[in-house]
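Encoded as structure tokens, the structure appears first; notes follow it.
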Amino acid sequence: MIPYARQDIDEADVRAVVEVLGSDWLTQGPAIERFEKAVADYCGVKHAAAVCNATAALHLSCLAAGLKPGGLLWTSPNTFVASANCALYCGADVDFVDIDPATCNMSVIALEEKLAAAKRRGKLPDVVVPVHFAGQSCEMARIGELAREYGFAVIEDASHAIGGEYRGGRVGSCTHSDMTVFSFHPVKIITTGEGGMILTNREGLYRTAKLLRSHGITREPSAMRRQPDGPWYYEQIELGYNYRMTDIQAALGASQLGRLEKFLERRRYLAARYDDLLRGLPVTLPVRAPGALSSWHLYVIRVQEDRHREAFERLRARGVSVNLHYIPIHLQPYYRKLGFGPGDFPAAEQYYREAISLPLYYGLTDEAQDVVVDALKAVLA
Ligand SMILES: *Cc1c(COP(=O)(O)O)cnc(C)c1O
């Protein structure tokens, strides 16, 4: 069976983890700070806060952005459910902005139109979460302009996109956003087992995120409401969570980050090779957006709607574990209960009827990729 994604753990990764296991710190010690600084430096951003997963990172980012009950968050329907659920955790409402059928990212035209209509109705979003689908950046410059014009916060869901670039800068630099979130789940570009990170250039957002990831507790006298009773003293000043990453995970993350360029190079090579090998088949290949360099988390092709399900089933039957990213969130039963339904976001729904994610990961050999391509040729013949 050829999986659609797979982590790559080498001996240096194992050594980094074992070293932490023999150290004084297992959770939130020096490895966390080292990993945070390494990611921040890599992305060219001022602050980074590691957390237990990207879902927690999205939740804390929304809280730091001030999202509250009665508030409103917009995201893409073509993403993992966590990009939308983070609003519901805050008691806020969710709405979606349909995708650009070429890049499968949130359409900035649709966003502009929806903002203009929302302004007329007097219900603008507080937060917009663009998702860099498959590792390719959204049109962040335009989204940043709209954020200033309409006054919403921007949280980039870059779970797919560490190592991606946009207009010469790294995804994660937060040049056009308030915060960026990464995921280190094993299917993503680098892994910590479970893990996530919040990046920002804004000190206040960073401090809030750090406070809330650990129960809302501070040990800094300058942040306290009262004079310390003694050296044991700490204060809970907000209602926070235990969203900490462990040092064990952070050591793995730092080691993986050291291999990121190799990972990216291989993914880009394999994506270009798929392009070459699949040209001429009755499939639509991924579109490269101008100004963006993808990290290639996913390689998604589109097939004719009437052959989609059969192609999917036959590929799996041949041992090629294709996948589908994503079922439009608004069609999930939970979101239908909130009032969404078929026809709400037609571009995302049409995409869903055609999309197939082919296997793509660092350890995919050229030979295994040939097996995938041959299977696809046989299935579509
Ligand atoms: C994986 C993923 C998440 C959630 O990441 P976790 O680290 O598993 O919580 C959120 N958004 C997108 C787009 C993802 O792909």
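The values are calculated or read from the model by the stated rules, or taken from the named source; none is laboratory data. Note that the structure is a prediction, hence the values are computed from the model and not measured. Here the Cβ is made from the backbone with ideal geometry for all residues, glycine too, and neighbour counts use every protein chain on show. Each accessible area value is taken on the protein alone, full model and side chains, heavy atoms only, with ligands, DNA and RNA left out. Shrake-Rupley method; radii C 1.70, N 1.55, O 1.52, S 1.80 Å.
A count restricted to the range 111-131 and to residues that are touching a residue at least 40 places away in the same chain (Cβ under 8 Å) and within 27 Å of residue 297 (Cβ to Cβ) stands at 7.
Selection of first residues in the range 286-307 that are more than 15 Å from the ligand (Cβ to nearest atom) and of second residues that are in a strand (DSSP E or B) and of a type in the set (S, T, N, Q), restricted to Cβ pairs under 9 Å at least 6 apart or on distinct chains, gives the following pairs, ordered by first then second residue: 301/284; 301/357; 302/284; 303/284. Annotation: of all residues in the range 313-330 being surrounded by fewer than 18 Cβ atoms within 10 Å (Cβ to Cβ) and assigned to a helix (DSSP H, G or I), the one that is nearest to the ligand (Cβ to nearest atom) is 316. Across the range 176-217, the number of residues qualifying as away from the ligand (no atom under 13 Å from the Cβ), open to solvent by 10 Å² or more (accessible area, probe 1.4 Å) and not in a helix (DSSP H, G or I) comes to 8. Residues in the range 165-175 that are buried (at least 24 other Cβ atoms within 10 Å of the Cβ) and either in contact with a Cys (Cβ under 7 Å, 6 or more places away or on another chain) or part of a loop (DSSP other than H, G, I, E, B) (or both): 171, 172, 174. Confirm whether residue 132 is closer than 17 Å to residue 295 by Cβ, within 15 Å of the ligand (Cβ to nearest atom), of a type outside the set (Asp, Glu) and open to solvent by 10 Å² or more (accessible area, probe 1.4 Å). When the stated conditions are applied, residue 132 does not pass them. Looking only at residues in the range 4-24 that are touching a strand residue (DSSP E or B) at 6+ places or on another chain (Cβ under 9 Å) and of a type outside the set (Val, Ile, Thr), the one that is surrounded by the most Cβ atoms within 10 Å (Cβ to Cβ) is 4. Screening residue 71 against (1) away from the ligand (no atom under 16 Å from the Cβ); (2) in contact (Cβ under 8 Å) with a residue 24 or more places away in the chain; (3) open to solvent by 40 Å² or more (accessible area, probe 1.4 Å) leaves a single unmet condition, (3). The residue that is most open to solvent (accessible area, probe 1.4 Å), counting only those in the range 38-61 that are more than 16 Å from the ligand (Cβ to nearest atom) and either in contact with a Ser or Thr (Cβ under 6 Å, 6 or more places away or on another chain) or at pLDDT below 95 (or both), is 44.
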